[in-house]
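The values are calculated or read from the model by the stated rules, or taken from the named source; none is laboratory data. Because the structure is a prediction, the values reported are computed rather than measured. With ideal geometry, Cβ positions are generated from the backbone for all residues, glycine too; neighbour counts draw on all protein chains shown.
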Amino acid sequence: MCAPLPFQIVELLPEQMAIAKLGDSVEKITVEEIDDPQVGDFVILHGKVALTKIDPDEALKLLAELGAQAPIAPRSAPTTP
């Protein structure tokens, strides 16, 4: 059984598609199964289908536990110039 890894949506595409990232891994996924997908959302994938959104704090905690690098800063994090 595989552990669910939270990918972060980094770009929305036409036809209910998106680009999602986890560390250096970039995937073209479908987001038709989730409500109101937005850039910055963390999602759990099965194959290349986003099945559900996951809370950003939970996603970052899970990534830290697994030793994975967060794809980009969460939406709520302040940006520095």
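A few comments on the model shown:
- Any chance Lys28 is of a type in the set (Lys, Arg) and touching a Pro at 6+ places or on another chain (Cβ under 8 Å): no
- Among residues of segment 47-71 that are closer than 17 Å to Glu33 by Cα and polar (S, T, N, Q), those with a Cβ under 8 angstrom from a residue that is at pLDDT 90 or above and surrounded by 12 or more Cβ atoms within 10 Å (Cβ to Cβ), sequence gap 6+ or separate chain, pair up as Thr52/Glu33; Thr52/Ile34; Thr52/Val43; Thr52/Ile44.
- Just one of the listed residues (Val31, Val39) is in contact (Cβ under 8 Å) with a residue 24 or more places away in the chain and surrounded by 12 or more Cβ atoms within 10 Å (Cβ to Cβ), namely Val39.
- Residue selected from segment 1-19 under the condition of a type in the set (A, V, I, L, M), over 14 Å from the mean Cα position of the chain (by Cα) and in a loop (DSSP other than H, G, I, E, B), by the criterion surrounded by the fewest Cβ atoms within 10 Å (Cβ to Cβ): Met1
- Unique residue being modelled with pLDDT under 90 and surrounded by 16 or more Cβ atoms within 10 Å (Cβ to Cβ) when the list is Leu22, Leu62, Leu66: Leu62
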